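In what follows, a structure is listed as structure tokens, so that the remarks can point back to it.
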Amino acid sequence: MKQLTTLFVLLFIVSSLFGQRGELDLVQVSGLVMTGDSLMSIPYASVAVKGTSRGTYANYNGFFTIVAQRGETLQFSSLGYKLKEYVIPDTIIGNSLTLVQLMTSDAINLPTTVIFPWPSRDHFKIEFLAMDVRNELEERAKENLAKRRMSVLRENMEMDGNENGDYYLRQQAQKYYYAGQTPPMNIFNAFAWAKFIQAWKNGDFKKKKKDE
């Protein structure tokens, strides 16, 4: 019984030592990811621990922070920049490290691609001569391009992916522009009030008849 108790105590001490050793190897790495030529921050750059599934990414200002062990390699990557690696030294004093990682641009040249609507010039000549140019098609094209029809399409058509992405980025830019301060409100904007009063005088808010 005494031997079993002694064995459990030794195992507990060994596990505690290994746990403390693992905690001592951990380092909080924080810093900035910037361009090497103009020292501009690189937003949302990826920071990964090589050979593991651990990682993070920088914020809009290029700031990042991650916990890693001494001797591990950090990989920095971003679209349009060359992959960079940084090995955490074993000689760090303390459990924190500040790092500024510079990255260089990486140009990717794609082969030239030429797209033709027809396989050859002979096919184009055949299709051009066989094209239907009746007046009925011309009238239909004019009807589809009428101002009233285009206005209805603009009001009722939903935004596509490109427009949604552009709208989201403009919202984020507006949010960052007024970060740390209260954004202005048009209720106190004299120019907005003048525009509203002028539109009211012009009758822009009157109900329009359906047949108009």
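The values are calculated or read from the model by the stated rules, or taken from the named source; none is laboratory data. Since the structure is predicted, the reported quantities are computational estimates derived from the model, not experimental observations. Using ideal geometry, Cβ is built from the backbone for each residue, glycine included, and neighbour counts are taken over all protein chains shown.
Residues being of a type in the set (D, E, K, R) and surrounded by 10 or more Cβ atoms within 10 Å (Cβ to Cβ): count how many of those fall in region 144-160. Outline the logic, then answer.
Restricting attention to region 144-160, the residues satisfying the condition of being of a type in the set (D, E, K, R) are 147-149, 154-155, 158, 160.
Applying the additional criterion that residues be surrounded by 10 or more Cβ atoms within 10 Å (Cβ to Cβ) yields 149.
Of the residues in region 144-160, 1 are of a type in the set (D, E, K, R) and surrounded by 10 or more Cβ atoms within 10 Å (Cβ to Cβ).
Taking the condition within 18 Å of the chain's Cα centre (by Cα), of a type in the set (S, T, N, Q), modelled with pLDDT of 90 or more and under 24 Å from residue 176 (Cβ atoms), does residue 78 pass?
yes
Taking the criterion of being surrounded by 14 or more Cβ atoms within 10 Å (Cβ to Cβ) and among the small types (Gly, Ala, Ser), would at least one residue in region 71-83 satisfy it? Steps first, please.
From region 71-83, those surrounded by 14 or more Cβ atoms within 10 Å (Cβ to Cβ) are 72-78, 81; that's our starting set.
Within this subset, residues satisfying the condition of being among the small types (Gly, Ala, Ser) are 77-78.
The answer is yes; a qualifying residue exists.
If you check residue 170 against the conditions, is it within 29 Å of residue 36 (Cα to Cα), surrounded by 10 or more Cβ atoms within 10 Å (Cβ to Cβ) and touching an Asp or Glu at 6+ places or on another chain (Cβ under 7 Å)?
On the way: within 29 Å of residue 36 (Cα to Cα): yes; surrounded by 10 or more Cβ atoms within 10 Å (Cβ to Cβ): yes; touching an Asp or Glu at 6+ places or on another chain (Cβ under 7 Å): no.
Against the criterion (within 29 Å of residue 36 (Cα to Cα), surrounded by 10 or more Cβ atoms within 10 Å (Cβ to Cβ) and touching an Asp or Glu at 6+ places or on another chain (Cβ under 7 Å)), residue 170 does not qualify.
I need the helices (runs of 4 or more DSSP H) fully contained in region 104-212, keeping only those with at least 2 residues that are more than 30 Å from the chain's Cα centre (by Cα). Write out each step before concluding.
Working: elements: 121-129, 135-144, 147-156, 161-177, 190-201.
Those helices (runs of 4 or more DSSP H) span 121-129, 135-144, 147-156, 190-201.
For every residue, the table says whether it meets (1) β-branched (Val, Ile, Thr); (2) at pLDDT 80 or above.
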| site | (1), (2) |
| --- | --- |
| 107 | no, no |
| 112 | yes, yes |
| 132 | no, no |
| 162 | no, yes |
| 165 | no, yes |
| 172 | no, yes |
| 180 | no, no |
| 186 | no, no |
| 201 | no, yes |
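Would you tally the residues in region 28-57 being surrounded by fewer than 18 Cβ atoms within 10 Å (Cβ to Cβ) and part of a loop (DSSP other than H, G, I, E, B)?
12
Would you say residue 89 is in contact (Cβ under 8 Å) with a residue 12 or more places away in the chain, surrounded by 14 or more Cβ atoms within 10 Å (Cβ to Cβ) and in a loop (DSSP other than H, G, I, E, B)?
Values: in contact (Cβ under 8 Å) with a residue 12 or more places away in the chain: yes; surrounded by 14 or more Cβ atoms within 10 Å (Cβ to Cβ): no; in a loop (DSSP other than H, G, I, E, B): yes.
So residue 89 fails the test.
Kindly evaluate residue 95 against the criterion of being modelled with pLDDT of 80 or more, under 30 Å from residue 62 (Cβ atoms), out of contact with any Ser or Thr (no Cβ under 6 Å at 6 or more places or on another chain) and surrounded by fewer than 10 Cβ atoms within 10 Å (Cβ to Cβ).
So residue 95 does not fit the description; no.
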